[in-house]
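Everything on this sheet refers to the single structure shown next.
The values are calculated or read from the model by the stated rules, or taken from the named source; none is laboratory data. None of these values were measured; they are calculated from a predicted model. Here the Cβ positions follow ideal geometry from the backbone for every residue, glycine too, while neighbour counts run over all protein chains shown.
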Amino acid sequence: MNSGLSIASETLSQLESARALALSDAAYYNQIVPGVLPIIGAGSNAIIELRRWGADFLAETFASPTLGLEDKQKLSLLVLETLRENLETVNDLGVVKSVVQAAASIYPLVFRHTILNPNDAQNWQIMAAIKSNILRRMDSAPPGVRICCIKFVQRVIQVETPGLIADPRRPEQNEISLALVPRDHPLIPPPNLEAEASGLLDRLLSILHEDTSDALLITATLNSLGTLIRARPAIANKILSAIFNFNPLKLANSPMTSRSKVMMKSIERTTRALLMNILKRNPESPATPRIQQYLERIHRMRLDVFDESNRKRSAPVEPTDGLDQSKRQRLGANVPADAISGPQVPSGPVSVAQLFTLTEEEGAKNFDVQAIPVEIVVKIIVPLLMTVDKTKMDSAINIIRSRYLALSKAQPPTTLDAAVAATRQQAIDEDEEYEPDFEPTEDAEQIVNKLDNAPPEGLLPERVPDAPLAPFKLPQAPPLSEQEIEDYGGGTVRRVFGVMSALDDPTSRAKAPKPGFNRLAASNYDRDAWVILISRLATRAATGLGDPMEKVDSEYKTLGRRGTFSVGNTIRDALYMYIMQDWRKRIDVATSWLSEEWYNDRIQLEAARAEAEDTNSDSNDLPTPTLHYHKWVLKLLDAILPYLESNDKIMIRFLSEIPDVDGDILQRVKRIAEDPERVGLTVNILHYLILFRPPVRDLCIDALEDLWRNYDGTKTATSKLLKKWRPEVLEQHQETPNGSFEEVKVQ
Amino acid sequence: MAADPRLAHARQQQQKLTATPPPPPPPISAQPDSTKMGLDSTNDERPQSDIVAKDGFKLKFCTVCASNQNRSMEAHLRLALSSLPVISFGTGTLVRLPGPSIHQPNVYSFNSTTYRAIHAELSSQNAALYNQNGLLPMLARNLNIKSYPERFQDWIPGKPRLDHSTDKGAPGTESGVVDVIITCEERCFDAVLDDLLNKGGKLNRPVHVFNVDIRDNHEEALVGGRAILDLALRLNECAAQEREIHGSEGWEGAGRSRAGFDERVPDILGEWQERWPNLPAMWTLAWF
């Protein structure tokens, strides 16, 4: 015996050095594995130590990340027989565990070999024998072996379920799965394998639901499921549902020993880790809400099972370092939370102040909080709430709550309620059958019991009777009040403008080729398009809707304005505000809006005229449509003019682009000249209009003349223009004997 | 009888020495003996067999904390001194050590910055401060154990670790796998489980993952290190027993002592938790 052992130990040390060689360079496995097989393998009749070493070595070889897939596949065929023999003849936990591990690693390799060599029935049969041997052990073997069987089953399921084909052109890159098997494979027909995988999955998942409290099997199963969920979307849902039906805190019903507590915590944590891993890997998955729901549920259950004291680690009984002042536990610093009690609420009617008073101190009781200005209260309240001790706050709330409950039970809290109670009492007196019991007479538990016994509500009758259903009419909503109309309308308009501000980014107005005349307004989604849309909304959308009434209003101004809200005007107001917020940049908005207004006014007039001709009535008698252009041009001008600077070109451009210029507008322009610094600007504007707007040329020259005559300090600037356009004015003036002061100065 | 299996070796020795059976040794009470209580309220009586027999069966261990500096290294040292195979890791993204103030931690990268380099840098920065808060002594200890902090997530299980042969506790860990992982904080436990799930269990090799909640300071690390050693010795002893039982009776044996290692782990942990009630534990069976 002794000599046998020494020989064995000698062999073992040789084997160890061979293994060290393989560890240093994986290439050696190709020689070492065939070399050691006779020693450890089939028919060698080796002693148990050698068998164990061999099984461990094989498991290690096929798990090694340093050995390539092709090498492993070649080696796997060599060791198949050894594995089977060890599995069938050796009764040793260690050997069997390692053999099952090795088998789990080898299964995909032999599977792949069989796909590529559909005629090699022999090797596949050995593998199948190993598989059925392991499956037989799955339920009866000692737990240490069973966990390895679980992992083996997981590998088999993974292999025998179709996976994703990453790249059909490079089959060697693809993960080994059923998807690689041709439909007509003689040894491994896919439908059979798929069925087997499905059966094995059921078996694997049943471990979670058997009434087993074996944390070992459960955590081993849970930890092996992660790969399947991730790599096999086809069965992921089935696995997830099984997990959702799994209660990790099943052990809570058994007596709570230190062991069962640790196990329960461990199972719960393992479940959570698995689901969190799935969530993290694929946060967009459709299962996400269900996973979150489940996690929340087991979290609550855990809180129920382990009360606070169990979950938090208690302070050490003695300070770990008694001499270190900073480490010593501070005793007595904790004021007990239930210290607040406050004065008893007096019986009888109680004021709100009394209800909420928790202090005994007279000064604090009589302090009038209203003396503090609201702004200060707002400032201090948040920091104050943040510093309040939560336990104190909670206990204070509880005291108030209990007081309030006591009060509300004891007496009707207000006179109104007292009156209600009194009338109810009267009613009872009058009518014996009247039952004032609003509260259910049964207690909550009875009601719940009753509801439990009632038939489930969700069940539909066998057949819905085909009685005709009456047409359902949605009841008309109550009419909106003026205020509401204004609020909602205003809100809508604001939203419309919100889009504009989103589009206002100058970069979005890239240098697109100008579309020219041949284009559609508002056809591309940019700011200009939106401006046109808004201005047309303002000008045309509501046209004709409010007009007749407006006319009545204008006739009876004293009646006051009914229906102050008009969509058009609200939008106009908003547009006006929008332009004025940054009028230099948005002057083009103003131009295009005013053009729309002008066009709309023309159309209105046209329509009115047509109507007048139709009715053949006196044109004076007809309602004139409300015109907007004039009003809004003036309003805009009035708003802009004060801000104009002496060299602003914007006004020139604006006045040249708006569709209609009239005397009122020029009146405004003239008023710019009241400021001596901006005389030049006025003259420039007028000059431009004279040159480039022939229709209003006369009007402008009139304005120039007026300036010349009536505005001090404009003579110099205007005389040059007048000399060209209306020299007769200057001549007239020169004829008059007493020239003005200005004229003299110039000369 | 609640016999302390840690003392099994001692009992066996005793029985061998005395030919005639002496009066049985007094049963060891499961209740902590208050006269022998340590500061951590646990029985400080150590099993005599702290050092595992050289040629006996040994489980391979791995200790994990956040930065692979304090708790995992203390435990690493403990296990290595008991001649158990052990490696250690951190799960953080970076190695974080306290700096001059709470907002200025010293941050280093895993797998490249050696303990020696950190030690040199900190002692040049402010030797007095880092001596006083225990960082320099800790680093001095660490650089004698292994050369640099390693990150768990970067570890490739199964990749041979021949280049770590000079680390303490390296003998036995050459193949780059372990049987037991012990984390020192729930956060690390979660990180380890998450990472193992991500790695996908390609090795088909089971690994027992434990968490022992230890606060991250030097004193607690010492206590935790002892507790982890206690757990490791119990596990190792139990696994060694499994190797002793073989033959046909190994399968059919009904008694608890006949049961295999894996299924006894919950019992061992439950028992251990009673002995170390201040270090909340968790466990799961995961896959490499």
Here is a list: A:L77, A:L67, A:L87. Which entry is outside any helix (DSSP H, G or I), over 18 Å from A:E160 (Cα atoms) and either basic (K, R) or out of contact with any Gly (no Cβ under 7 Å at 6 or more places or on another chain) (or both)? A:L67
Filter the stretch A:274-290 down to the residues that are within 14 Å of chain B (Cβ to nearest Cβ) and in a helix (DSSP H, G or I) and list them by number. A:L274, A:L275, A:M276, A:N277, A:I278, A:L279, A:K280, A:R281
Restricting to the stretch A:243-301, and then to whatever is crowded, with 19+ Cβ neighbours inside 10 Å, under 23 Å from B:G200 (Cβ atoms) and without any contact (Cβ under 8 Å) to a residue 12 or more places away in the chain, can you tell me which residue is nearest to the chain's Cα centre (by Cα)? A:A273
Restricting attention to the stretch B:103-118, does a residue exist that is of a type in the set (A, V, I, L, M) and surrounded by 15 or more Cβ atoms within 10 Å (Cβ to Cβ)? yes
Residues that are at positive phi, at pLDDT 60 or above and under 36 Å from the mean Cα position of the chain (by Cα): does the stretch A:520-530 have at least one? yes
Scan the stretch B:204-249 for residues that are in a loop (DSSP other than H, G, I, E, B), more than 7 Å from every other protein chain (Cβ to nearest Cβ) and in contact with a helix residue (DSSP H, G or I) (Cβ under 6 Å, 6 or more places away or on another chain) and report the count. 1
Which one of these does B:E263 not meet: (1) outside any loop (DSSP other than H, G, I, E, B); (2) within 26 Å of A:L274 (Cβ to Cβ); (3) modelled with pLDDT of 90 or more? (3)
Does the stretch A:249-273 hold any residues that are within 7 Å of chain B (Cβ to nearest Cβ) and aliphatic (A, V, I, L, M), and which are they? A:V262, A:M263, A:A273
Residue hits (the stretch A:67-90; under 55 Å from the mean Cα position of the chain (by Cα) and within 12 Å of chain B (Cβ to nearest Cβ)) are A:L67, A:L69, A:K72
Before we move on, is B:D167 part of a helix (DSSP H, G or I), among the acidic types (D, E) and under 24 Å from the mean Cα position of the chain (by Cα)? no
Taking the stretch A:693-729 as the search range and keeping residues that are of a type in the set (D, E) and either surrounded by fewer than 17 Cβ atoms within 10 Å (Cβ to Cβ) or in contact with a strand residue (DSSP E or B) (Cβ under 9 Å, 6 or more places away or on another chain) (or both), which one is modelled with the lowest pLDDT? A:D712
So in the stretch A:47-66, with the set limited to residues that are farther than 14 Å from A:V79 by Cβ and charged (D, E, K, R), which one is farthest from the other protein chains (Cβ to nearest Cβ)? A:E49
So which residues in the stretch B:187-203 are within 11 Å of chain A (Cβ to nearest Cβ) and either under 25 Å from B:C238 (Cβ atoms) or crowded, with 23+ Cβ neighbours inside 10 Å (or both), if there are any at all? B:F189, B:V192, B:L193, B:L196, B:L197, B:G201, B:L203
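Here is a yes/no grid of residues against (1) at pLDDT 90 or above; (2) of a type in the set (A, V, I, L, M, F, W, C):
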| position | (1), (2) |
| --- | --- |
| A:D184 | no, no |
| A:L200 | yes, yes |
| A:T212 | no, no |
| A:I218 | yes, yes |
| A:T221 | yes, no |
Need at least 3 residues that are in contact (Cβ under 8 Å) with a residue 60 or more places away in the chain per element, so show me which strands (runs of 3 or more DSSP E) inside the stretch B:48-138 make the cut, counting only ones lying wholly within it. B:61-65, B:86-90
When only residues in the stretch A:226-242 that are within 8 Å of chain B (Cβ to nearest Cβ) and surrounded by fewer than 19 Cβ atoms within 10 Å (Cβ to Cβ) count, which is farthest from the chain's Cα centre (by Cα)? A:A231
